[in-house]
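Each remark here refers to the structure printed beneath this line.
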């Protein structure tokens with residue numbers, strides 16, 4: 001019983017408001033819709049399905065192989081940064097927990 005209380009004091013829990021959760025949900029939905037539409041445009045062009053709207057969107061987004069390479073490198077860089085930051089943060093929290101003991 002003592003162990004549970006000791007560790008529960010180290011965890012800071014703050015509930016987000018409903019408005020904040022709704023705003024986050026809308027932003028994530030908008031990002032997924034845009035990403036899905038870009039993928040849809042690319043799949044249509046890969047299968048030689050063209051329409052005026054797809055061509056205009058393709059030109060507006062200026063999609064090219066070079067941009068795919070840049071996006072892939074960006075995704076890889078963000079993934080590496082997230083892994084390093086997550087490892088560093090967990091290490092920092094474990095160190096802080098040991099100091100509280």
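In table form, for the structure just shown:
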quantity	calculated
Distance between modelled label sites at residue 23 and residue 60, nm, 7 Å Cα→Cβ extension	2.7
Sorted peptide list for 21-27, 38-44, criterion being average Cβ within 10 angstrom, highest first	38-44, 21-27
Segment residue 77-residue 16, extension gain: residue separation times 0.36 nm, minus the distance between their alpha carbons	19.0 nm
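A short reminder: the numbers here are calculations on the coordinates, not readings from a lab. Please read these numbers as outputs of a predicted model, since none were measured by experiment. So basically every Cβ, Gly included, is an ideal-geometry build from the backbone, and we count neighbours across all protein chains shown.
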